[in-house]
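Okay, structure first, notes after.
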Amino acid sequence: MSAQGSVAPATLIRNGTDWLKSVDCGGLQPADNFYLPCNIPTDFNNDNGIGAPRVTFDWGQPRAPSADIQFGQILNDAGEPDPPTAAVFVEEINARLDTDGYQFAEAFIVDPAIADGATASAELQQANLRAFVDMAIESTTFVRLDGNSIMRGALINENDTWAIISRDENGVENAEPADPTASINTNDVYVRSVDAWTSETHELAEEAYRIAARAPIFVSNVRSGTTISKPTCPAPLVDRISAVPAGFVGGPTPTDPRFIAGARTRVIDNTTSYTVWLDILYDGEASFQTVAAPPDPQNTMGLINVTVKCSDA
């Protein structure tokens, strides 16, 4: 019961229920998308003497295709028409349809097309059980597999696992975030667990990323002569380094202390890395002396506080 284009197909008749089953058991439906399981018999109504149903599909009106289902005649134990039982069946079927939401389907024992009372009375006495499905009547209550219903109101799901699951034609659940197949496309979604709209959380995530991208990537106290790798920064940010003397002891060796007049740091750009040095000006001397790199014992006589981060150019 779907859109058929501008040319209506010919009337189609289906007998029994096998055509609703999987091709794995002789049916006409795909193995992974059947409507009835294989263990349902073709004459599932045989307990009431009505045998296999007969369905006539009519696309004469492309905007309102319909299906008439003839279940047959309800008979009593004596093999005679049983109108009271047929009426009970009609009432129960329609009650179930209302509960499940299929308001565009109904069951009856008198053909709605019959207008005169005498013919309707004769039909009633025959206890014929029928059903009618009209796709022109839109549902207003339930979400259904047919994909043609219009829902007005909230959709509430009671489940302790996933509320909406999308799978591909092989039954594999979609994992790629950019895959348009069976994905959800809405204006916005409110996430009750975090009390925010997804558009807002996206903005917050972008802001968090901007802050994180500018946060210090490397902070430590290092020895003179240490080499530090440059970070990879997202455009338009570029890497920046800050080197500040954190501690030092005067003297060319640990056993030769001297007074200190000043200290400074030098940063050497090696293209893909930085090398930081600590220079010390001893009292009474005219120039700075560089603290040697490891493994020289003098290397233990100074520390440099280094911070590396991504920053605006």
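The values are calculated or read from the model by the stated rules, or taken from the named source; none is laboratory data. This structure is a prediction, so every number in the text was calculated from the model and none was measured. As a convention, Cβ positions derive from the backbone with ideal geometry for all residues, glycine included, and neighbour counts pool all protein chains shown. These accessible areas exclude ligands, DNA and RNA; they are computed on the full protein's heavy atoms, side chains included. Shrake-Rupley method; radii C 1.70, N 1.55, O 1.52, S 1.80 Å.
Residues in segment 96-122 that are open to solvent by less than 50 Å² (accessible area, probe 1.4 Å) and closer than 21 Å to PRO53 by Cα: LEU97, PHE104, ALA105, ALA107, PHE108, ILE109, VAL110. Beta carbons closer than 7 Å, at least 6 apart along the sequence or on distinct chains, pair a first residue in segment 184-213 that is farther than 25 Å from SER166 by Cα with a second that is among the hydrophobic types (A, V, I, L, M, F, W, C) for ALA213/LEU237; ALA213/CYS310. When segment 286-313 is limited to residues that are under 15 Å from PRO216 (Cβ atoms) and polar (S, T, N, Q), the one that is most open to solvent (accessible area, probe 1.4 Å) turns out to be ASN305. Looking across segment 225-248 at every residue that is open to solvent by less than 80 Å² (accessible area, probe 1.4 Å) and within 13 Å of VAL291 (Cα to Cα), the one that is farthest from the chain's Cα centre (by Cα) is identified as GLY247.
Considering only segment 210-222, I want to know if a residue exists there that is β-branched (Val, Ile, Thr) and in contact with a Ser or Thr (Cβ under 6 Å, 6 or more places away or on another chain).
yes
Residues in segment 253-266 that are under 60 Å from the mean Cα position of the chain (by Cα) and open to solvent by less than 60 Å² (accessible area, probe 1.4 Å) were compared, and the one that is farthest from SER242 (Cα to Cα) is ALA263.
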